[in-house]
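As structure tokens, the structure follows; a few thoughts come after it.
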Amino acid sequence: ELIYGALRGMLNTLDPHSEFMEPAKYEDLRNETEGSYGGVGLQISLRDNTLTVIAPMEDTPAFKAGILAGDKIIRIEGKSTEKMNLGDAVRRLKGEAGTPVHITISRPTLAQPKEVTLNRSVIKLDTVKDIDGHRTFPLSDNKVGYIHLLQFGEQTAGDLQDALRKLKKEGMEGLI
């Protein structure tokens, strides 16, 4: 802790863009920039101090299991999430593809909490989507293509080129 504190302090004096990253934070950044990680495919947040699903990502274990936006995750691997911070919850949900994780959700329409076992898979983070938030890239009536850059990472250039090729193949005449 002393060494990490000293490193943080030294790097904070350099400029506003320099920062010391502990291994867990570095791993999170690497997953973001590489564009994939082992997990269940949930966007989660703390709402009213409760771990809440913002949205399941399409074609992921969570999506296929029927987890819905607004579901409350009350246990992960049998451990209550009541006092769990967001970082801890994310680390518990992520893991090697093919391994199971057991969660318990509550939903207003369910009489009792529901136990769900999800098998982690490789989750690909899309950096490029179309106007509808998908990767189909349809053309508008006036032959204009729309590409939404969500974030920049190692896969962004290739994903952008693929989207442009698809739109050009469909007869795109403009790009917004």
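Before moving on, here are some points about what is shown:
- For region 1-21, the tally of residues that are open to solvent by 100 Å² or more (accessible area, probe 1.4 Å), outside any loop (DSSP other than H, G, I, E, B) and not β-branched (Val, Ile, Thr) stands at 3.
Results for (1) more than 30 Å from residue 104 (Cβ to Cβ); (2) modelled with pLDDT under 90, shown as yes or no for each residue.
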| site | (1), (2) |
| --- | --- |
| 2 | yes, no |
| 11 | yes, yes |
| 22 | no, yes |
| 32 | no, yes |
| 44 | no, no |
| 52 | no, no |
| 61 | no, no |
| 74 | no, no |
| 83 | no, yes |
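- Pairing residues of region 12-23 that are charged (D, E, K, R) with residues that are not in a loop (DSSP other than H, G, I, E, B), at Cβ distances under 7 Å and at least 6 apart in sequence or on separate chains, gives 19/11; 22/4.
- Here region 112-164 is the region considered, the condition is being hydroxyl-bearing (Ser, Thr, Tyr) and outside any helix (DSSP H, G or I), and the residue that is farthest from residue 41 (Cα to Cα) is 140.
Quick grid of which residues meet (1) within 25 Å of residue 117 (Cα to Cα); (2) in contact with a strand residue (DSSP E or B) (Cβ under 9 Å, 6 or more places away or on another chain):
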| residue | (1), (2) |
| --- | --- |
| 2 | no, no |
| 19 | no, no |
| 43 | yes, yes |
| 47 | yes, yes |
| 55 | yes, yes |
| 65 | yes, yes |
| 74 | yes, yes |
| 79 | yes, no |
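- Against the conditions (1) in a strand (DSSP E or B); (2) open to solvent by less than 50 Å² (accessible area, probe 1.4 Å), residue 43 satisfies every one except (2).
- In the condition set (1) at pLDDT below 95; (2) open to solvent by 60 Å² or more (accessible area, probe 1.4 Å), residue 37 is compliant with all but (2).
- Just one of the listed residues (123, 131) is modelled with pLDDT under 90 and closer than 30 Å to residue 78 by Cα, namely 123.
- Among residues of region 55-75 being aliphatic (A, V, I, L, M) and closer than 23 Å to residue 125 by Cα, the one that is surrounded by the most Cβ atoms within 10 Å (Cβ to Cβ) is 62.
- Residue identified as under 23 Å from residue 150 (Cα atoms) and in contact (Cβ under 8 Å) with a residue 60 or more places away in the chain among 101, 53, 128, 122: 122
- Within the option set 109, 104, being modelled with pLDDT of 95 or more and either surrounded by 15 or more Cβ atoms within 10 Å (Cβ to Cβ) or assigned to a loop (DSSP other than H, G, I, E, B) (or both) holds for one residue only, 104.
- Taking each residue of region 152-172 that is surrounded by 12 or more Cβ atoms within 10 Å (Cβ to Cβ) and looking for partners that are part of a helix (DSSP H, G or I) with beta-carbon atoms closer than 6 Å, six or more apart or interchain, yields 153/33; 154/33; 154/34.
The values are calculated or read from the model by the stated rules, or taken from the named source; none is laboratory data. As the structure is a computational prediction, the values presented were derived from the model and not from experiment. Methodologically, a virtual Cβ is constructed for each residue, glycine included, from the backbone with ideal geometry; neighbour enumeration extends over all protein chains shown. The accessibility values were calculated without ligands, DNA or RNA, using every heavy atom of the protein model including side chains. Shrake-Rupley method; radii C 1.70, N 1.55, O 1.52, S 1.80 Å.
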